[in-house]
Structures are given as structure tokens and as C-alpha cells.
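See structure below.
The values are calculated or read from the model by the stated rules, or taken from the named source; none is laboratory data. None of these values were measured; they are calculated from a predicted model. Counting neighbours? That spans all protein chains shown, and the Cβs are built from the backbone with ideal geometry, glycine included.
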Amino acid sequence: MRKKIIAGNWKMNTVKEEAESLLKSISAQTATSNLSENKIVVVATPFPFIPFCVDTFSGFSHIYSAAQNCSEHEQGAYTGEVSAKMLASLNVQYVILGHSERRQYYNESDALILQKIKQAQSQQLIPIFCCGESLEIREKQQHFDFIKTQLEQCIFQLSEDEIKNLVIAYEPIWAIGTGKTATPEQAQEIHAFIRNELTKKYNETLAQEISILYGGSVNAKNAQELFACDDIDGGLVGGASLKADEFINIINAMS
Ligand code: 13P
């Protein structure tokens, strides 16, 4: 049975006091959120707050710390970079890779993202691989081809054993931070497409085991109908994960 995952991506927001208070509030409130092995919460704070996040979550079940990026290199003279090995040494479990903001502002290619995924997996971190099209591509009706290419050039280069330990997030760029959510039908259509591509490339059993999250203006109001779709296994939440109450309501919207 594939996991249901509600992941928060704080991006470059909060300072120490805000981060600490938000993490304490989220962890305490998840105690009443019906979490289990198969319904988990992941929070991707900025790097400096990761040790506090790991410490805070250590007293709670089924809630995990994530990073928002890692280096494609194992270690060495790469000023300013953070390695997967460092994250693993802090007991981080997940890492978001290939987010559209990294692709757009830091020119990350599918080939580079693949190297990062391999680094992360070599340290037993679970990558949350992001894909998704721009508005321009959707308007030209090229979104299926675009996403297929993102999959083929990146995660479809992994072996069956490797891709098993990975989460996919579909994040249409036009829905990120815009308040314009994909409709449940639009999101479900792409999620089913991705799962079908997984079946064609690997096999049905594997495709059924991989969690596919939706990201893009998820909030407490729209979460329930998105999560009710067959192939939507949770959300990758930006802005709404910065408010403890709203994030908890999103977690509770997942059955
Ligand atoms: P918003 O929820 O703020 O639209 O951000 C989505 C996102 O980019 C999560 O990674």
C-alpha cells in the first residue's frame, strides 16, 4: 500500500524564532491527526533549522524532516553547498529535488537532478522529485509530452530498486504561489498519466507503490477534493505550510 504524504515546503521563509515556534506547534498538533505508517507528514525547513526540526520531531511519530535541496557531489571543495551525507548525519529522511524554482532560478537540468537523486539515495535519503509544466506549455497542450520528457530524462534512468525509494510531486508551475490551483480533474489526469508511464517503463506493481503528490496552491479549502482523487497520494504544500493551523487542517483533510 502506497504512503499518503503531506509535505510542507517552507522555501526561503522564517527566521529562527518563527521556525521553532512553527515546528513545535505543528508537531504538537499532529498528535491528534491520525498519522500512521501509511499516512505521514514531512516538513522541509530551510537548512539552518533542520537540526531543530529533527530534534523536535524525534518525540513524535510519523512526522519527518526534509531538506529542500542537496549537492550532486559527495563532498569536497564546493563552497556553499550542502551534501546528502551531511543531511543523513543529521537524521534527515527526505529531500526535495528538482523543484521548479531550482530548475528556473538555478538552471538545474534533468541530468543534474538525476545526479542529486543518486547522491541522496546513496545516503538513504528519500528524494521527493518534482515535475510540472509552465502555463505556456499547458496552453499549447504540450503538458503530457513535457512531463514525459522530464520523467524520461531523469527518474526513468533509475533502476527498479532505485525508483522504488522515491516520491514524485506534480507541481504545475502556473499553480505555484498563484492561488490558482489545478482542478481535481486536471491534477488527477496528470497523476494517472504519470502512474501509467511508470507502469509502461517498469511494471504495474511498482507503479501502484509510488506516492505521487500534488503541489500548487494547496490550502485547507481545496485539499479534501484533491486528496479524494484516486491517484493523488497527498500534497506538497508551500505557503499554507507556514501557518500551523492551516497545515494541520490540510493534514486532516487526508483520510
Ligand atoms: P504553494 O503551495 O505556495 O503554491 O507552493 C507550492 C510549492 O511550490 C511546494 O513545493
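Which condition from (1) more than 23 Å from GLN208 (Cα to Cα); (2) within 16 Å of the ligand (Cβ to nearest atom); (3) modelled with pLDDT of 95 or more; (4) crowded, with 18+ Cβ neighbours inside 10 Å is the one that GLN119 breaks?
Tallying (1) more than 23 Å from GLN208 (Cα to Cα); (2) within 16 Å of the ligand (Cβ to nearest atom); (3) modelled with pLDDT of 95 or more; (4) crowded, with 18+ Cβ neighbours inside 10 Å, GLN119 fails exactly one: (2).
For the range 207-225, give me each residue that is touching a Gly at 6+ places or on another chain (Cβ under 7 Å) and either closer than 17 Å to ALA175 by Cβ or within 11 Å of the ligand (Cβ to nearest atom) (or both). Spell out the reasoning first.
Just the residues of the range 207-225 that are touching a Gly at 6+ places or on another chain (Cβ under 7 Å), to begin with: 211, 213-215, 217-218, 223.
Passing the criteria: LEU213, TYR214, GLY215, SER217, VAL218, ALA223.
I'm checking my understanding of the structure. Among residues of the range 84-108 that are assigned to a loop (DSSP other than H, G, I, E, B) and free of Cβ contacts under 8 Å to residues at least 12 places away in the same chain, which one is nearest to TYR214 (Cα to Cα)?
By that ranking, first place goes to GLU108.
For the range 38-59, what are the residues that are under 13 Å from GLN93 (Cα atoms) and buried (at least 17 other Cβ atoms within 10 Å of the Cβ)?
Within the range 38-59, ILE40, VAL41, VAL42, VAL43, ALA44, THR45, ILE50, CYS53, VAL54, PHE57 meet the criteria.
Go through the residues of the range 60-80 one by one and say whether even a single one is surrounded by 17 or more Cβ atoms within 10 Å (Cβ to Cβ), in a helix (DSSP H, G or I) and of a type in the set (S, T, N, Q).
So far as the range 60-80 goes, no, none of its residues is surrounded by 17 or more Cβ atoms within 10 Å (Cβ to Cβ), in a helix (DSSP H, G or I) and of a type in the set (S, T, N, Q).
I'm checking my understanding of the structure. Among residues of the range 226-252 that are outside any helix (DSSP H, G or I) and more than 14 Å from the chain's Cα centre (by Cα), which one is farthest from the ligand (Cβ to nearest atom)? Before the answer, list the steps.
Initially, the range 226-252 is screened for residues outside any helix (DSSP H, G or I), giving 228-238, 243.
Right, trim to more than 14 Å from the chain's Cα centre (by Cα) and you get 228-231, 243.
Values: ALA228: 19, CYS229: 17, ASP230: 22, ASP231: 18, LYS243: 11 Å.
Ranking the candidates gives ASP230 first.
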